[in-house]
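Each remark here refers to the structure printed beneath this line.
Derivation of every value follows stated rules applied to the coordinates shown; laboratory data play no part. In this text the structure is predicted, and so the values were computed from the model without any measurement. Please note: Cβ atoms are built from the backbone with ideal geometry, for glycine as well, and neighbour counts cover all protein chains shown.
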Amino acid sequence: MSALAIEGVAKRFGAVAVLNDIWLEVASGEFMVLLGPSGCGKSTLLNIVAGLEHSDAGRIVIGGEDVTTREPRDRNIAMVFQSYALYPTMSVRRNMAFGLRMRGMSRVEADRLVEDAARLLQIDALLERRPGQLSGGQRQRVAIGRAIVRQPKLFLFDEPLSNLDAKLRAEMRLELKELHRRLGATIVYVTHDQVEAMTLATRIAVMNGGAIEQIGAPQEVYDRPASAFVAGFTGAPAMNLLSGQVVGIAGGFGFRPDGADGDIALGSLRLCSLRAGQRVLFGIRPEDIGPSAANGPDGGCVITLTKLLVEPTGADSHVIFRLGHAKITARFKPGDVPLGECPPVAFNVSRASLFDAETGRRL
Amino acid sequence: MRRSSSSRIVLYAALVAAALLFLAPLYVVIVASLKPLDEIRAGGIIALPLAPTLSAWAKAWGTACVGSNCVGLRPYFLNSWLIVLPAVAISVMVGAVNGYALTKWRFRGADVLFAALLVGCFIPFQVILIPMARVLATLGLFGSLAGLVLVHVAYGIAVTTLLFRNFYLGVPDEIVRAARLDGAGFFAVFFHVVLPLSKPMLAVAAILQFTGIWNDFLFGVVFAGPGNAPVTVALNNLASASLGAREYNTDMAAALLTALPTLIVYVVSGRYFLRGLTAGAIKG
């Protein structure tokens, strides 16, 4: 049985359609990440699951029960907010116990559960403090503690790490993953950070413009993006998307980027629906562009890449080339950064993606 | 600091002069209230009392004639408290609940309702006297303390709602959402989470309402009826209706007695008042 089923949910704010017919199932124990840019509807969807907003159509089913018309408190869920949303006038202990006490649990029993959860999150030394006396990371721990102490069927996280600095964010990410493993909890997690999505999720749902573009395991989403949007949103730096057209070359099809002087052979992409002259987007990840012994089979320049910039990041160097009208980013080992006007660079075409230029869908 | 020392002197001189100007009437009132009547008749309103006495205060409190009723201000003081305490408590609490409902439970028509409430802040008191009298008569509350409390609450809600609405706009919605997910309903969220946050605004609203209602004369004189008049109305009757020679010392003492509660409120809680007025601006 799925822990959560979102069935045909739609939502409009006035004339603007925020969510279009969303279908999503989350299995028990899954860590589902809703990934998308701001304004794609992911937070609205989370609020609808929580019952904080009402959908115009569709059903929300949690643990097999239709909760579409139920109040947030009757859905047996807990939520962690970006701003932590701790109760500022209450101690950490009372913050964490609030949900239990509201549900009629005795003070003694609530205290015991709060202390267990606090130990798990290593905030047991902070129980008597007020939220105002805590650091950002500690506040986020308390917010997570307030969620887990109730042992809900479903956890909702709304960009919980966005207010933390980079180092702390990486630490909390690890802790969340560890917590998920230990509790075996079902989590729906909203973020615009594709690194969080890749590292935390068991499955990712990529959202854009009020619709889900792709649902899949992180590696699958990364390797085989279902649309140009997904391709451009995942990976750092993102996948290069070159517009151009399919051309017939000896032994099959090639791709001619707009403004380029050569073709990229598509031989190793097994696609049967291509035809010469078709407008497509050619997607290739920076790490799939690498150094090569020579350029063409006969050592000639097959396609001109002009090196524009090198961004060293330490482990890798990102090299930005001009290719026709477009710029592409390649990831090299620092020692491999190519030299010259027509550097010997190879495209690992078997890992490339082709998208329809008009619809953006994967071919 | 060196640069500004001469301009500082000018600044302080101006401030002291302004303070003296505003305090001068208060000084005259205090001095006059402590003089025997013959000293006042002798003239010299600036002079300190030669033989200071509290007899005028005692008379104003206990025996001066208010209209034809020579009982002093004491019973009217009680009336004022009986009006002010419930009116302040009710208008502040209702304003807080209104502000909370308007900002945190964005129901359909909330903006229209708020606009309608705002109009209440701008209607001159005189305009509603007759309709209000009719309403009170219909309810059977005309001339009663309860009726006067109702009038003050009805008028006060507009202002307190405005205050609390603007204050609660600065309280993050996510806190309320978290509490709802934690199992709290409308009033549980309000009493456990929102109200404890509101102390600065509760102080501001209570002080504003207290001074406004305590100092009210118009509603008191129109709606209270003779036995229930608040102290402001009694002060007027005491000062204007006495026969024979004017007892300025008693009038002054009565005026000071009447003003004392609001003065004390300001002196004691002025700090909280300022803190509350700026609290919403500083922290989100």
note = If one compares the long axis through the Cα atoms of helix A:92-102 with the longest principal axis of the Cα atoms of chain A, the angle in degrees, nearest 10, works out at 70 degrees
ask   = Over the Cα atoms of segment B:19-145, how large are the radius of gyration and the largest Cα-Cα distance (Dmax), in Å?
value = 23.2, 69
request  = Calculate the spin-label point distance for A:ASP74 paired with B:VAL10, positioning each point 7 Å from the Cα along the beta-carbon direction, and give it in nanometres.
outcome  = 7.2 nm
inquiry  = Only four residue types carry charge here, +1 at the Cβ of Lys and Arg and -1 at the Cβ of Asp and Glu. Report the dipole size of the protein assembly as shown about the Cα centre in Debye, rounded to the nearest 20.
reply    = 1400 debye
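Cut-off is 10 Å between beta-carbons; in what order do A:LYS333, B:LYS35 appear when sorted fewest neighbours first? Each step should come with its number before you reach the end.
Values: A:LYS333 11, B:LYS35 24.
So the ranking, lowest neighbour count to highest, is A:LYS333, B:LYS35.
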message = Using 0.36 nm times the number of residues separating B:TYR27 and B:ASN69, minus their current alpha carbon distance, what extension gain do you get?
response = 12.2 nm
query = Can you give the extra length, in nm with one decimal, that the chain gains between A:ALA125 and A:VAL310 once fully stretched, where that is 0.36 nm per residue apart less the Cα-Cα distance?
reply = 61.8 nm
task = Multiply the residue separation of A:ALA265 and A:SER350 by 0.36 nm, subtract the distance between their alpha-carbon atoms, and state the gained length in nm to one decimal.
result = 29.6 nm
query = If the cut-off is a Cα-Cα distance under 15 Å, which aspartates and glutamates reach B:LYS59, setting aside same-chain residues fewer than 8 apart in sequence?
reply = B:GLU247, B:ASP251
query = On a 0 to 90 degree scale, rounded to 10, what angle separates helix B:5-33 from the longest Cα axis of chain B?
reply = 70 degrees
query = If each of B:LEU20 and B:LEU274 carries a label point 7 Å out from its Cα toward its Cβ, how far apart are those two points in nm?
reply = 2.4 nm
key: Along chain B, longest interval not containing exposed trypsin sites (Lys or Arg not before Pro), exposed being DSSP loop plus at most 14 other Cβ atoms within 10 Å   = B:109-245
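Rounded to the nearest 500 deg cm²/dmol, what is the calculated helix-only ellipticity per residue at 222 nm for chain B, with -39500 (n - 2.57) per DSSP H run of length n ≥ 4?
On the way: 13 runs with 203 residues, N = 284.
Dividing the helical sum by the residues of chain B leaves -23500 deg cm²/dmol.
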key: Candidate lysines for bridging to B:LYS104, where Cα separation is under 22 Å - those fewer than 8 sequence places away on the same chain excluded   = A:LYS11, A:LYS42, B:LYS199, B:LYS283
note = Averaged over the residues of A:46-53, the number of partner chain Cβ atoms within 10 Å of each residue's own Cβ comes to 2
ask   = Given H placed 1.01 Å from N in the peptide plane, which residues other than close sequence neighbours of A:VAL18 have an amide H under 5 Å from its amide H?
value = A:LYS11, A:ARG12, A:PHE13
request  = Taking chain B as the reference, fit the longest principal axis to its C-alpha atoms, fit the long axis of helix B:248-282 to the helix C-alpha atoms, and give the angle between the two in degrees, 0 to 90, nearest 10.
outcome  = 30 degrees
key: lysines with Cα under 18 Å of A:LYS333, excluding same-chain neighbours fewer than 8 positions away   = A:LYS307
